[in-house]
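*Asks:* Dropping a structure here in structure tokens format, bear with me for questions.
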Amino acid sequence: MDYPDGLTVIKALYDGRLITPNANNNYSQLDDATLNKLIDRASAASGDERAKLWGEANKRVMALAPVVPFIWSTVPMIWSDRVPHADFTLAVGGPDLATISVNATTK
């Protein structure tokens, strides 16, 4: 699981108290008092209560809809069968150049 806790995403992207003039991660400029309080409560909690509160914070974000995904780009990628390990890797947005190679043998 990439983000096992709401703190890593919800606080960084939607806590209105973190809005800054430069290098701001709260692109929506959302500053909602109810959400900010939920973030504080969830951050201070632990265990099942923490998970429950982060779930409530997530529901609040969804209800406010401060951002809307508007694009999902797809790029066709074609390569020769002489290029083994040219697997698409989401982390780099294309083939992982550390594992790709060329098989010089022709058929």
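The values are calculated or read from the model by the stated rules, or taken from the named source; none is laboratory data. Keep in mind it's a predicted model, so treat the numbers as computed, not measured. Note: ideal-geometry Cβ built from the backbone for every residue, glycine included; neighbour counts use all protein chains shown.
*Asks:* Any idea how many residues of region 1-28 are without any contact (Cβ under 8 Å) to a residue 24 or more places away in the chain, part of a loop (DSSP other than H, G, I, E, B) and not aromatic (F, W, Y)?
*Replies:* 12
*Asks:* Which count do you get for residues in region 58-85 that are of a type outside the set (S, T, N, Q), surrounded by 13 or more Cβ atoms within 10 Å (Cβ to Cβ), outside any loop (DSSP other than H, G, I, E, B) and within 16 Å of the chain's Cα centre (by Cα)?
*Replies:* Total satisfying the criteria: 1.
*Asks:* Which count do you get for residues in region 43-86 that are touching a Gly at 6+ places or on another chain (Cβ under 6 Å) and without any contact (Cβ under 8 Å) to a residue 40 or more places away in the chain?
*Replies:* Matching residues across region 43-86 total 0.
*Asks:* With the checklist (1) loosely packed, with under 10 Cβ neighbours inside 10 Å; (2) outside the structural domain of D32 (by TED's automatic domain parsing) in hand, flag the one item F88 doesn't pass.
*Replies:* All conditions pass for F88, except number (1).
*Asks:* Among the residues that make up region 43-55, is at least one of them part of a helix (DSSP H, G or I) and closer than 22 Å to P69 by Cβ?
*Replies:* First pass over region 43-55, keeping only residues part of a helix (DSSP H, G or I): 43-44, 47-55.
If we keep only those that are closer than 22 Å to P69 by Cβ as well, we get 54-55.
Yes - at least one qualifying residue is present in region 43-55.
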